[in-house]
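In what follows, a single structure is set out as structure tokens and then discussed.
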Amino acid sequence: MTEAVHTRRVFSGIKPSGGLTLGNYLGAIKRFVALPEQGFETIYCVVDMHAITVWQDPSELKHATRELTAAYIASGLDPDQSILFNQSQVSAHAELGWIFNCVTRVGWMNRMTQFKDKAGKNAEKVSLGLYAYPSLMAADILAYHATHVPVGEDQKQHVELTRDIAAKFNNDFKVPDFFPQPEPMIEGPAKRVMSLRDGTKKMSKSGESDMERVNMTDSAERILKKFKKAKTDPEPLPDNLDALKDRPEARNLVDIYAALSDVSSEAVIAEYAGAQWGRFKPALADLAVSKLVPISTRMAALMDDPAELDRILAKGADKAAAIAEPILAKTYDIVGFVRSHQ
């Protein structure tokens, strides 16, 4: 096997498409920050190329890219410990993405449920980029020979496709150990944070009502109000998690509390068994304020110095390219491309 396959290397990214939510924080950023301590080499990306699969205002895209970078750092990610960059600054992503477009089968793409959900009835009118999104995502991961990918449950299918692409490339070109089979990492009590208005729908930055989500830039007063008005049911909290199976709003709030306090959902139920919502929701709101307001305050300070954020992204891009470019060069050689200028 190649040395890169043995490296415990994490890759993951978030789209800078405006408005970070509590779901982004608990489902991704908070988990990312903890992984270097678990012995992983960590590479985190602001996936701006994925963002433009749907129309983005250029000035807003730049702002969102810097805001996401600020959120990573404000949440505790150390850019000297982890590689942090924006995707478009490392050309290996696009170059390997094209090779994978030629490896990936159309039938595989047609099975991608997220494309169907996003395109809906307008599939003929969406961009080719949105359709080919999973192939570029595979390139994001495999350009670094990443072995682990922290994702939400809704992205698991894309990691499985990445494994299929890696296996087909290795088989087609008779290089059985070249691209690794990355493992999805789906863990923690709030793997998927749901709407505060509907516990069956994912918390989204594009939802119709601002009251259905907690934004990372919300004030303490706004956070308190949103949790106070969060949809619940008339029943008190039970003494076991199984009893929340048909109570999605209740389960969502318990999971959010657990993730914010770094305990299990079972531990939260044990502490609040029999509690009415008049007791639990204020406790959750206070916890959320204590965790999120320091992050939003730090984000605001970082956003006051965009040149420094750009410097951090450029430095991270150089580090990322140093890993990806030799892998891409070897890929080109395997495929049979003549490279006169190395």
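Any read-out appearing in this document is the output of simple, stated calculations on the displayed coordinates, not a laboratory observation. Since the structure is predicted, the reported quantities are computational estimates derived from the model, not experimental observations. Cβ: placed from backbone, ideal geometry, glycine included. Neighbour counts: every protein chain shown.
Numbers below:
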item	result
Ratio of the Cα radius of gyration of the range 16-132 to 2.2 N^0.38 Å, where N counts its residues	1.19
Extension gain, Lys156 back to Glu271 (0.36 nm per residue minus Cα-Cα distance, nm)	38.2 nm
Residues Ser204 and Gln114, FRET efficiency given R0 of 22 Å [Cβ-Cβ distance, rounded to 0.05]	0.95
Two-site FRET efficiency, Val335 against Asp57, from Cβ-Cβ distance with R₀ of 41 Å, rounded to 0.05	0.65
Förster radius 41 Å - calculated FRET efficiency between Asp305 and Asp177, Cβ distance, rounded to 0.05	0.40
Projected area averaged over orientations for the range 139-179, convex hull of C-alpha atoms, nm²	2.8
Out-of-range pairs (alpha-carbon distance over 23 Å; input Lys15/Lys315; Lys168/Lys330; Lys125/Lys168; Lys15/Lys205; Lys202/Lys225)	Lys125/Lys168
GluC sites (Glu not before Pro) within the range 117-181: DSSP coil, no more than 10 neighbouring Cβ in 10 Å	Glu124
Shape of the range 242-342, Cα gyration tensor, a/c cut at 1.5	oblate
Total charge dipole magnitude, the range 210-301, about the Cα centre, Cβ charges on Lys, Arg, Asp, Glu only, Debye to nearest 20	440
Ranked by how many other beta carbons lie within 10 Å on average, peptides 45-54, 102-111 from highest	45-54, 102-111
